[in-house]
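The values are calculated or read from the model by the stated rules, or taken from the named source; none is laboratory data. Owing to the predicted nature of the structure, the values given are computational and were not obtained by experimental measurement. For neighbour counting, all protein chains shown are included, and Cβ atoms are generated from backbone atoms with ideal geometry for every residue, glycine included.
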Amino acid sequence: MDFFLNEKFIIPFLSTLGASVTILLMQFYARRVKETKQKIYAASYISDVAMRTVQSELIIVKHTIKPHIEAVERILEGDDELLAKTFLSNEFDILTAPSPEYNHLPNEYSLQLGYDDIKLIQMYETLLYHHKNESNRISLNLFVKENLKSMESFSSKSENERRDILYTYYDYLNSLEHESNRILWLSSYVIFPAFKKYLKSYQFWLYSIKSGKKTILSALNHMNENIDFMPEPDYMERVRNGGIQGEL
């Protein structure tokens with residue numbers, strides 16, 4: 001026992017212990033800083049993806065889908081001049097370019113975000129799923145290729161066949177509009193509020209979150225400027241209760 005109380009032992013021991021604890025604390029702090037910065041990057045990156053997706057969908061809805069829906073409605077009402085112009089300018093063939101890829105979020109970063117709130121990652125994965133789902137676009141492009149590429153071929157069909165083709169095209173457009181509205185609704189009423197709240201949490205008080213906050217604010221302002229093309233807050237509820245579900 002006297003040996004352990006001996007100054008020759010206790011002083012080096014305490015010095016070594018103190019150094020070890022200091023190193024452990026420094027490593028712990030460095031790891032916490034790294035993990036916190038990864039969370040900020042992940043939240044900012046997902047907010048940026050949502051913002052770019054919203055901007056893209058608003059352009060598509062505003063300048064492509066809605067104008068084509070209105071054009072088909074006029075054609076079905078008997079506007080043959082507009083029908084001829086649409087064929088001449090090949091306007092039936094739309095949305096042929098693939099959607100951009102968003103794959104720059106490392107798994108380690110998304111895991112850190114998921115540890116805090118798994119719902120944040122689920123929101124992001126849902127957004128990517130809807131963004132990448134191009135089945136309707138592909139089906140539309142194939143349908144146009146088979147039925148709406150040639151004015152001569154279209155004119156040779158019976159009136160009922162022509163109307164069926166136009167109504168089918170109209171249905172595709174409405175489906176695409178619904179897909180865009182679903183993405184806009186998810187971003188506006190779920191993703192941006194959730195990430196705005198997350199970035200305000202106390203763990204980020206000593207860190208810069210300007211990028212993420214600026215991205216979310218920019219997206220919200222852009223949506224407010226295009227409010228006429230945004231789905232209403234109860235849009236998804238009306239969709240769920242619409243059609244056959246509303247009758248049952």
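Some values worked out for this structure:
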read-out: Of all residues in the range 134-164 being of a type outside the set (A, V, I, L, M, F, W, C), more than 14 Å from E57 (Cβ to Cβ) and within 27 Å of the chain's Cα centre (by Cα), the one that is surrounded by the most Cβ atoms within 10 Å (Cβ to Cβ); value: N141
read-out: Set L58, L76: member being in contact (Cβ under 8 Å) with a residue 24 or more places away in the chain, surrounded by fewer than 20 Cβ atoms within 10 Å (Cβ to Cβ), under 28 Å from the mean Cα position of the chain (by Cα) and farther than 21 Å from L113 by Cα; value: L58
read-out: Those residues of the range 148-189 which are among the basic types (K, R) and in a helix (DSSP H, G or I), in sequence order; value: R162, R163, R182
read-out: Residues being in a helix (DSSP H, G or I) and hydroxyl-bearing (S, T, Y) - total across the range 62-112; value: 4
read-out: The range 148-170, residues that are within 14 Å of F92 (Cβ to Cβ) and not hydroxyl-bearing (S, T, Y); value: L148, K149, M151, F154, R162, I165, L166
read-out: Test: residue in the range 185-195 that is of a type in the set (S, T, N, Q), under 20 Å from the mean Cα position of the chain (by Cα) and crowded, with 16+ Cβ neighbours inside 10 Å; value: yes
read-out: So F204, is it within 22 Å of I40 (Cβ to Cβ) and over 17 Å from the mean Cα position of the chain (by Cα); value: yes
read-out: Filter result for Y167 (hydroxyl-bearing (S, T, Y), in contact (Cβ under 8 Å) with a residue 60 or more places away in the chain and surrounded by fewer than 21 Cβ atoms within 10 Å (Cβ to Cβ)); value: yes
read-out: Cβ pairs under 6 Å, 6+ apart, first in the range 112-137 and among the polar types (S, T, N, Q), second assigned to a helix (DSSP H, G or I); value: Q112/E35; Q112/Q38; Q112/K39; N136/S175; N136/L176
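Residue-by-condition table, conditions (1) touching a helix residue (DSSP H, G or I) at 6+ places or on another chain (Cβ under 9 Å); (2) charged (D, E, K, R); (3) at pLDDT below 95:
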residue: I191; (1), (2), (3): yes, no, no
residue: F204; (1), (2), (3): yes, no, yes
residue: I209; (1), (2), (3): yes, no, yes
residue: L220; (1), (2), (3): yes, no, yes
residue: E232; (1), (2), (3): yes, yes, yes
residue: G243; (1), (2), (3): no, no, yes
